[in-house]
Structure formats: structure tokens, C-alpha cells
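For reference, the structure is listed below as C-alpha cells.
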Amino acid sequence: MLGRVNHDKQGVSGIEAEFNTTLTGENGITQLSFNQNSQGSYFNPLTVNQLKHGQNITLTIDANIQFHTYTAIKESVEFHEANSGSAIILAANGEVLAMANYPATDPNDNSTYKPSHWRNRVLQDKVEPGSTMKPFTMLLALDQNKITATNNELIDVTKRIGKHKPDGKYKYMTIKKILEKSHNLGTVNISERLNKENVYNTWNRLGFGHLLGLVPSIETSGSLKNFESWALSDKRALSYGYGPMETNLAQLARAYLVFANQGAIPPLKLVKGVNVDEKITQVFSKNSTLKIANILDSVASWGGSGYRARIKGYDVAGKTGTAEKIINGKYNKKGINRTFFTGFAPVNNPKYIMAIMLDHPKKCYNHYRPDELNKCGGGNSAAMTFKSAMENILTADQSIKLLAKN
């Protein structure tokens, strides 16, 4: 996020480059003329241009939250032997409280500079977010009365849909169970009930495919292909975060702001005092959002795919995601994944929204057994990173302590 300046003190990357003109100001110009009279010689200064000092830029970043976020990402990348890791934490009003990447270069030591380590992956990496998108599929279905998400509603997961085959573990699943277990066939079953134009319009209102405007010079807008070009398989894949969309991590985190704003999302803000579009976009209904938020609480509880994100004494919620990386034009089936966890806390009145991505973690706990290492997914890598950072943040927040469970 923080960038670099060159020898002329001009910003060449990051915030320094984005706001170079504001930070630099303008040199003054004074014209001197030489005069002589009976009393001697003297210089006559004439100010042509007044000196204009550069302005200060105040970020929305919270130093303590940034520290806990960076520490958690660094430790996670090292423990899981990942290529890299990224995280962003938002306040409910859209202010960016932390943005961290690892590996990273020490900005105070140019000898450690590596171009790849200066990359702000939160804003620049364009990725398929995997199952972190499943809650939005369910939210849209709820709003359109395609599902009720009650315990009495059972979804048949015994029939193949396209390439998606039954796994034999379940015959019928509730919406809660589908999200808890991050079940692809169950999610696709729900997506079959949705009109592709409505899906596209909803994803568009969530901000996918649009620049956030935090650091425009380096951001990727991601992509969201127009629904008119979708095949049937595209709509199915989109329901669990693949196919005709790519996003950056900041866009994904912003979409989860619906859970902190009764179904609406505000614009993101990184610099204080800079005018931004204050338009808040209503995407889902309040009732649907509350219902899915409570289900995501169970995802981060024992038995859910994100149970390693749970924090003793606090209600947290979220969704795991695992996305196969494309290698040589094909999805890799040998565990070369990006893993995600996007969550929020406290559940009933979210104050913090956090999105995490690990690139190709290689060492992860095997399901519920902490003594075995196996294939990495969002639940046994990124969810642990969420817990590591969020536990410190919640513990330090005096206002949140009052909401802690006994």
C-alpha cells in the first residue's frame, strides 16, 4: 500500500505515486535584480510564484489493526508454505482499516526491494474467489422467493446437474447444511432456479467488474462477462465463484459489507478528507441478509467448513473458499489452489469485515485432525489466518468485549 519515492522525492509507486502532486506541492520562484545607487549595491527580490507546501494525506488505516493483520498473514504464509498471502479489513462504513501483503519489502531499506514484493495483491491480483460467493447465490434466491432457508426445506442432492455429480454423502440438505459443508451440487441446484440476467445484475450491483477507486493507477477492475454470452455451465460455475467472473480481494471484502449494512454496500474509502461517491447501493433485503448471516455463523462453528475461524467468546461468521489455479490454460487438479476466507464480527452487528487469500498453500491440517497435514483448502488455511488476526482485534476493542459470550 505504501509506495516508494525516487531520488528526486517523486512518488513512483503506491500512495506516494497516486497522490504525488498533492504531497509534493510546488517550489516558489523568486526573481532577483541587481541595483546600484549612491548608497551602494543591493539585490531587489521579486516573488514570481509563492512556495506551496505539499498537503498531508491521512489514511483510514488503523495502525494496530494493520499490525495484527500483517502479522497474521506473515505467519500464515510461512506456516502453510504459501507463495504469498493478502488480507484486507473494512469497517462497516467502508473505511479500509488494514491492507496487508506478504512477502513484503521493508520500505525503509531499499536493499530489500523486489518488484514482486511491492505488488499490492489485494488490489492487483485478479482471481476466481471460489465458494466465498455461495452466500450471494443464496441471498438472491431468498430475495426472489426461490428458497426459504428453513430447516423444513430440503434440497435433493442425489441427481447430477451438468458435470456436478452426487458425492454419496447426502440425499437431502438444508440451505444451512449446503453452506456449512460448502456443497457445490447443492449450490448449483439453487442456481438452477435463478434467471441469469438477475444473477448478472446482482453481481454487478455488488461491484464486481468495477474499479473501486482506492488506488486507481494500480487496481484491477476484475471482470464480469455479460450474461448474454454465458453458457448454462457459466451460470452454474458462477454460483460457487468460478466461470465468467474474476475479482480482486478488496472487491470481495466490499461485497460482504451487505452483512453489516442490512443488505446494502457503501463505497470504500482509504484516504480521509477526499470526496468519494457516497452512494450506498441496496443489493439484498434486510431479512434475507440477516438469515444468511446467521447461517454463516454456523459455517464458522464446529461442524462447518470454516470452524477453524471460530474465536472463543465471540460470535464470528464467514465463508471458506478454495479455487483451483489455472496452469497452462487448465484448472490444476493437484492441489495448486488459492484459498480464501471472508468473514465478519460480531455477527449481529458487524464492525469488522475481513477477506483473506493465500496463494498455493502447501502445508495444511487435515480436516478435524490437527496431527495430519494434507490438501489445503480455505477451511484449513485462510480460516486460521482470520482467527489469528481477528482474535487480537476483537480482544483489543473495548466496545466488542461487551458482546462476548460468557
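Each reported figure results from applying straightforward, stated rules to the coordinates on display, with no laboratory input. Please read all numbers here as calculations on a predicted model, not as lab measurements. Positions of Cβ are generated from backbone atoms using ideal geometry, with glycine treated the same way; all protein chains shown enter the neighbour counts.
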### Query
What is the sum of charges around Glu180, taking Lys and Arg as +1, Asp and Glu as -1, for the other residues whose C-beta is under 12 Å from the C-beta of Glu180?
+4
## Note on the structure
By the C-alpha gyration tensor axes a ≥ b ≥ c (rounded if a/c is under 1.5, else prolate when a/b exceeds b/c, else oblate), the shape of the stretch 266-337 is oblate
### Summary
Given unit charges at Cβ for Lys, Arg (+) and Asp, Glu (-), the dipole magnitude of the stretch 63-401 about its Cα centre in debye, nearest 20, is 1000 debye
### Message
List the pairs from Lys286/Lys333; Lys134/Lys169; Lys74/Lys165; Lys146/Lys225; Lys269/Lys387 whose alpha-carbon separation is above 28 Å, in the order I gave them.
### Response
Lys286/Lys333; Lys74/Lys165
### Task
Report the extension gain between Lys312 and Lys114 in nm, rounded to one decimal, defined as 0.36 nm multiplied by the number of residues separating them, less their alpha carbon distance.
67.4 nm
### Query
Taking square-rooted eigenvalues a ≥ b ≥ c of the alpha carbon gyration tensor, is the stretch 159-223 rounded, prolate or oblate, where a/c under 1.5 means rounded and, failing that, a/b exceeding b/c means prolate?
prolate
### Task
Measure off 7 Å from each Cα along the Cα-to-Cβ vector at Gln262 and Asn348, then give the distance between these two points in nanometres to one decimal.
1.7 nm
### Summary
By the Cα gyration tensor axes a ≥ b ≥ c (a/c under 1.5 gives rounded; else a/b larger than b/c gives prolate, otherwise oblate), the shape of the stretch 63-401 is rounded
### Message
How many angstrom lie between the Cα centre of the stretch 208-236 and the Cα centre of the stretch 143-200?
### Response
24 Å
### Message
Can you compute the label reach from Gln124? Point 7 Å from Cα along the Cβ direction, backbone N cut-off under 12 Å, restricted to the stretch 196-224.
### Response
217-220
### Task
Report the full-extension gain for the segment Ala396 to Ser217: residue separation times 0.36 nm, less the Cα-Cα distance, to one decimal in nm.
61.0 nm
### Task
May I ask you to derive the FRET efficiency for Glu153 and Phe79 from their Cβ-Cβ distance with R0 = 41 Å, giving the value to the nearest 0.05?
0.55
### Task
Calculate the spin-label point distance for Tyr331 paired with Trp302, positioning each point 7 Å from the Cα along the beta-carbon direction, and give it in nanometres.
3.3 nm
### Query
Along the Cα-to-C-beta direction of Ser285, a point sits 7 Å from the Cα; which residues of the stretch 128-157 have their amide N less than 14 Å from that point?
139-150
